[in-house]
Amino acid sequence: NAGVTQTPKFRILKIGQSMTLQCAQDMNHNYMYWYRQDPGMGLKLIYYSVGAGITDKGEVPNGYNVSRSTTEDFPLRLELAAPSQTSVYFCASRTNDRNYGYTFGSGTRLTVV
Amino acid sequence: GQNIDQPTEMTATEGAIVQINCTYQTSGFNGLFWYQQHAGEAPTFLSYNVLDGLEEKGRFSSFLSRSKGYSYLLLKELQMKDSASYLCAVRDGITGGGNKLTFGTGTQLKVEL
């Protein structure tokens, strides 16, 4: 039981490049989320999904896209990377039982230069 | 929207008790969570309150007053390993809203000898 797995752990991108941050969970959770965390700032929600085939924007969606073709996977796509997207990205999932909190992946540290 | 306030930093002594406060102003409320985050790591779930009162989990307790928009996390018998950032998060009460969490900026706790 791996929980929430994020890849890669670190990545350096040049301005204008694109990449996909991978997130997979093996807990059969319907709810999945992408957050970014900047130094001294709280976690900001980028996109979320309440089940396969359903996604919605969070607080800071600009410059990102997501898809949810399966329950397990929730990749985050960055098109035309910008320095403002330098951040630590966390994927999280949650069981349908609302008494429990999110389970977070270990994060992807992205630098755009 | 959600507005969450918590102190930026706190320092306490090993073996002592510390209380970390969190105040919130929200357009909808469906529970308050506390997370612990060590430097360079993912947040981990500590506690959840949805009704007023105190929830106790070993050395950690969390209190909620919905009428005052106030919560605190109480850490007893502090240990050096408790040095971390503590994140307060509020879950929205919007039906069909994905039960999203909005996070505060975190309180950096330093435990000293």
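The values are calculated or read from the model by the stated rules, or taken from the named source; none is laboratory data. These numbers come from a predicted model, not from an experiment. Don't worry about glycine lacking a Cβ; one is built from the backbone with ideal geometry, like all the others, and counts go over all protein chains shown. For accessibility, only protein heavy atoms count, side chains too; no ligands or nucleic acids. Shrake-Rupley method; radii C 1.70, N 1.55, O 1.52, S 1.80 Å.
Say whether the condition of being open to solvent by 30 Å² or more (accessible area, probe 1.4 Å), of a type in the set (A, V, I, L, M) and without any contact (Cβ under 8 Å) to a residue 60 or more places away in the chain is met by at least one residue in the stretch B:13-28. Within the stretch B:13-28 (the criterion being open to solvent by 30 Å² or more (accessible area, probe 1.4 Å), of a type in the set (A, V, I, L, M) and without any contact (Cβ under 8 Å) to a residue 60 or more places away in the chain), the answer is no, since none of the residues qualifies. Scan the stretch A:41-70 for residues that are touching a Lys or Arg at 6+ places or on another chain (Cβ under 9 Å), more than 12 Å from chain B (Cβ to nearest Cβ) and among the small types (Gly, Ala, Ser) and jot them down. Of everything in the stretch A:41-70, those that are touching a Lys or Arg at 6+ places or on another chain (Cβ under 9 Å), more than 12 Å from chain B (Cβ to nearest Cβ) and among the small types (Gly, Ala, Ser) turn out to be A:Ala52, A:Gly53, A:Ser67.
Within the stretch B:19-38, being within 13 Å of chain A (Cβ to nearest Cβ) and closer than 19 Å to B:Gly106 by Cβ holds for B:Cys22, B:Tyr24, B:Gly31, B:Leu32, B:Phe33, B:Trp34, B:Tyr35, B:Gln36, B:Gln37, B:His38. Please work out which residue is farthest from A:Ile12 (Cα to Cα), limiting yourself to the stretch A:55-113 and to residues that are open to solvent by 10 Å² or more (accessible area, probe 1.4 Å), hydrophobic (A, V, I, L, M, F, W, C) and assigned to a loop (DSSP other than H, G, I, E, B). Out of the qualifying residues, it is A:Val60. Just one of (1) touching a helix residue (DSSP H, G or I) at 6+ places or on another chain (Cβ under 7 Å); (2) within 12 Å of A:Leu110 (Cβ to Cβ) trips up A:Leu13, so point out which. Evaluating A:Leu13 over (1) touching a helix residue (DSSP H, G or I) at 6+ places or on another chain (Cβ under 7 Å); (2) within 12 Å of A:Leu110 (Cβ to Cβ) leaves (1) as the failure. Just one of the listed residues (B:Gln36, B:Gln2) is in contact (Cβ under 8 Å) with a residue 60 or more places away in the chain and within 18 Å of B:Gly104 (Cα to Cα), namely B:Gln2. Checking B:Gly15, B:Gly106 one by one, the residue that is out of contact with any Gly (no Cβ under 7 Å at 6 or more places or on another chain) and either at pLDDT below 95 or not β-branched (Val, Ile, Thr) (or both) is B:Gly15 and no other. Against the list (1) open to solvent by 10 Å² or more (accessible area, probe 1.4 Å); (2) in contact with a strand residue (DSSP E or B) (Cβ under 9 Å, 6 or more places away or on another chain); (3) over 13 Å from A:Arg109 (Cα atoms), the condition A:Pro8 fails is (3). Within the stretch A:17-34, the only residue that satisfies the criterion of being open to solvent by 40 Å² or more (accessible area, probe 1.4 Å) and either without any contact (Cβ under 8 Å) to a residue 12 or more places away in the chain or among the small types (Gly, Ala, Ser) (or both) is A:Ser18. If the requirement is being touching an Asp or Glu at 6+ places or on another chain (Cβ under 6 Å), more than 9 Å from chain B (Cβ to nearest Cβ) and more than 25 Å from B:Leu32 (Cβ to Cβ), which of these qualifies: A:Ala24, A:Ala81? Exactly one residue qualifies, and that residue is A:Ala24. For the stretch B:39-63, a residue qualifies if it is over 23 Å from B:Gly15 (Cα atoms), part of a strand (DSSP E or B) and either basic (Lys, Arg) or within 14 Å of chain A (Cβ to nearest Cβ) (or both), and the qualifying residues are B:Tyr48, B:Asn49.
Looking at the stretch A:41-54, which of its residues are open to solvent by less than 30 Å² (accessible area, probe 1.4 Å) and β-branched (Val, Ile, Thr)? Scanning the stretch A:41-54 gives a single hit, A:Ile46. Flag: A:Asp38 matches the condition of being more than 9 Å from every other protein chain (Cβ to nearest Cβ), closer than 18 Å to B:Ser85 by Cα and either crowded, with 22+ Cβ neighbours inside 10 Å or not polar (S, T, N, Q) (or both). Sub-7 Å Cβ pairs linking a first residue in the stretch B:76-95 that is free of Cβ contacts under 8 Å to residues at least 12 places away in the same chain to a second residue that is open to solvent by less than 10 Å² (accessible area, probe 1.4 Å) and not in a strand (DSSP E or B), at least 6 apart or interchain, number zero.
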